[in-house]
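Heads up, the thing below is written out as structure tokens.
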Amino acid sequence: MSETMHEECGIAAVYQLDHTSADPINVSQYIPGLLLDLQNRGQLSAGMTSYDPKHNLLLKTHKDVGTVDRVFRLFSSQKHRNLVRKYEGTVAIGHVRYATSGAEDRNFAQPFERIHGRKWKWFSIGFNGNLANFEELKAALVERGYHISYNTDTEVMMHHINKELSGELRSFKEIFASLAKSFDGAFNIVFLNARGELIAMRDPLGIKPLCYGIKNNLLFVASESVALARLGITDYQDLEPGSLLVATPHDGYRIERYSEVKRTAHCQFEWVYFANLASNLDGRSVFKARRLMGRLLAEMEDIPGGPDARVVPVPETAKVAGDGFGFKLGIPVIEGLVRNRYVGRTFIEGQSRQDVILRKFTPLVELLENKRIFLVDDSLVRSTTLSTIIELIRERGRAKEIHVRIACPSIIAPCFYGIDIPTVKELFVPRFWKPGQPLTHSKETLAEMAEAIGADSLKFLTIDRLSKAIGHSKEQLCTACIDTTYPTLIGEKRYQEQIKHTEVEADSTQEA
Ligand code: SF4
């Protein structure tokens, strides 16, 4: 993707199935590897909590700001071994985080641990998702006398779990079913308490992926299957939406349904961009979905190829869709843009988004000069980045024509479920469409959009084709950001509030 958009988090867990055995395995050693495979879901902080029944401190949490290799000291075998030994345990949970606020603050890193004198009330959680009703949940806590220190939904979630754990002892199914009733949004959680009990929870809509698998008597949980496949686990399973995986020291593990599931709402963007290419989510390979997105996009093509036509995928996430597009049309796919992969997260004082793009991509004039380019990207969010790339290809690459092809429908609305999609007024396509009106990309509108980004033409994949490529019907997917159909009540409410706010702002600007 050429634009800046981020997944909010990734979670993982390891559990020694016979962890009361006389020969315990230190499962903490697996967490850094699992998190490295989930690093695409967050690079700002990483952490782990482990459970060790032999230690006075039953739960221990190590977390910090930084990438997994930094936080777990993977650059020094000795330092890494010491760390893993210090945090040894028979159960462990892990987390990687991306966020727009509190980026440099260790206190925002997860897991969040809450110490308590009673073992079932002493717990740690890692969270992937976003609560659309965060403000309402926070207000309810404040009213009950709680103090919110970090203003994050994980902290609010932690207090709500704590509230559910107070009073008489209830089953995990009852506790998490009650929690889920008060949450609106995407919420996959790994929970570990000081009795060595592990819970992995997937929300009833299954918005974010979560899977598990077993190898050598160890149970592994991860946001994406690539982390399990790397360990040689091929028969991993998706945790069904509305289900809990419960692992306890004396009963092994079981899957329990805690909520009725009327429909699913898997995030389509996981297949489009976020998930690792090697992952399999809810029964569908990310690689195959992206390749088919490219092929189906090619079926919509009405501009002829010819000897001077070339396909250039925007590196790196659009590569597979670009290959599929070129293969279907019989047009050579070239690496016309070389990406400096080390620029990614660097920050140089005062640099603009445009400067970052100029540092990140180099057009190869040897391949682009006098060519008609089909530039394939996986999404179009704000357009600033794509416009700069088009300018680069035209000016420095000396391409003759540039036809932009987006292997995803147009993004017209924000996400309230954990993906960092900007507000309506920052998005590109809503500038050409009035919310509430049917979204028709007429020839004229597409031509206007193409002109605005400096391209010769522009096309988007349709929603029907996207759903076909993913292999799930539209009703099984979350499509809120591409058609404004929010799968939760509060998500819909937030969107309406934002539209209203944007209209009021526009009116007051006109009046001024
Ligand atoms: S709104 Fe878009 S990005 Fe957010 S969960 Fe739904 S499909 Fe995914």
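A few points about this structure:
- For the chain, a simple Cβ point-charge model (Lys and Arg +1, Asp and Glu -1, everything else neutral) yields a dipole of about 1260 debye relative to the Cα centre.
- Highest mean packing first, where packing is the average number of other Cβ atoms within 10 Å per residue, the peptides 246-256, 322-332 line up as 322-332, 246-256.
- Taking only the Cα atoms of the range 288-511, the ratio Rg/Rh comes out at 0.98, with Rh defined as the Kirkwood radius.
- Among the listed pairs Lys79/Lys319; Lys63/Lys493; Lys215/Lys288; Lys434/Lys474; Lys181/Lys434; Lys434/Lys459, a Cα-Cα separation exceeding 28 Å is found for Lys79/Lys319; Lys63/Lys493; Lys181/Lys434.
- Given charges at Cβ of Lys, Arg, Asp, Glu: the chain dipole, positive-most of Leu292, Phe172, Ala13: Ala13
- Each label point was placed 7 Å from the Cα along the Cα-to-Cβ direction; for Tyr150 and Val365 their separation is 5.0 nm.
- Amide H contacts under 5 Å for Phe361, placed H, 5+ residues apart: Asn340
- Maximal additional length on extending the Glu260-Asn340 stretch stands at 24.1 nm, based on 0.36 nm per residue less the C-alpha distance.
- Distance in nm between pseudo-label sites at Asp251 and Glu497 (7 Å out along the Cβ direction from Cα): 3.9
- Point-charge dipole on Cβ atoms (K/R +1, D/E -1) for the range 288-511, about Cα centre, debye to 20: 780
- Amide H within-cut-off set for Ala309, under 5 Å, with H built and near neighbours excluded: Arg372
- Zone residues, the range 250-287, relative to Glu475, backbone N less than 16 Å from point 7 Å out along Cα-to-Cβ: 261-266
- Crossing angle, helix 489-511 versus the chain [Cα axis fit, 0-90 degrees, rounded to tens]: 40
- Straight-distance crosslink candidates among aspartates and glutamates, where the alpha carbon sits under 15 Å from Lys60 and sequence neighbours closer than 8 are dropped: Asp52, Glu88, Glu113, Glu197
- For the chain, the share of accessible area belonging to carbon and sulfur comes to 49 percent (1.4 Å probe, ligands and nucleic acids excluded).
- Note on Asn217 and Thr445: their simple-model spin labels are 6.1 nm apart, each label 7 Å out from Cα toward Cβ.
- Annotation: per residue accessible area for the range 159-308 equals 37 Å², rounded to a whole number [probe 1.4 Å, protein chains only].
- The calculated FRET efficiency for the pair Ser352 and Arg398, based on their C-beta separation and a Förster distance of 22 Å, comes to about 0.35.
- For the range 76-92, 3J(HN,Hα) computed residue by residue from phi via the Karplus equation (6.51, -1.76, 1.60; θ = phi - 60°) reads 9, 4, 5, 5, 5, 4, 4, 5, 4, 5, 4, 9, 5, x, 9, 9, 8 Hz, glycine and proline entered as x.
- For the chain, the Cα gyration tensor yields ellipsoid semi-axes of 42, 26, 21 Å (square root of five times each eigenvalue, largest first, whole Å).
- Between the range 308-328 and the range 8-55, the alpha-carbon center distance in angstrom: 37
- Summing +1 for each Lys or Arg and -1 for each Asp or Glu among the other residues whose beta-carbon sits under 12 angstrom from that of Val68 gives +2.
- Accessible area (Å², per residue) of the range 11-103, counting only protein heavy atoms and a probe of 1.4 Å: 39
- Between the range 183-220 and the range 384-436, the alpha-carbon centres lie 35 Å apart.
The values are calculated or read from the model by the stated rules, or taken from the named source; none is laboratory data. If you're wondering where the values come from, they're calculated on a predicted model, not measured in any experiment. Every residue, glycine as well, gets a Cβ built from its backbone with ideal geometry; the counts of neighbours run over all protein chains shown. Note: accessible area is taken over every heavy atom of the protein model, side chains too, but ligands, DNA and RNA are not part of it. Shrake-Rupley method; radii C 1.70, N 1.55, O 1.52, S 1.80 Å.
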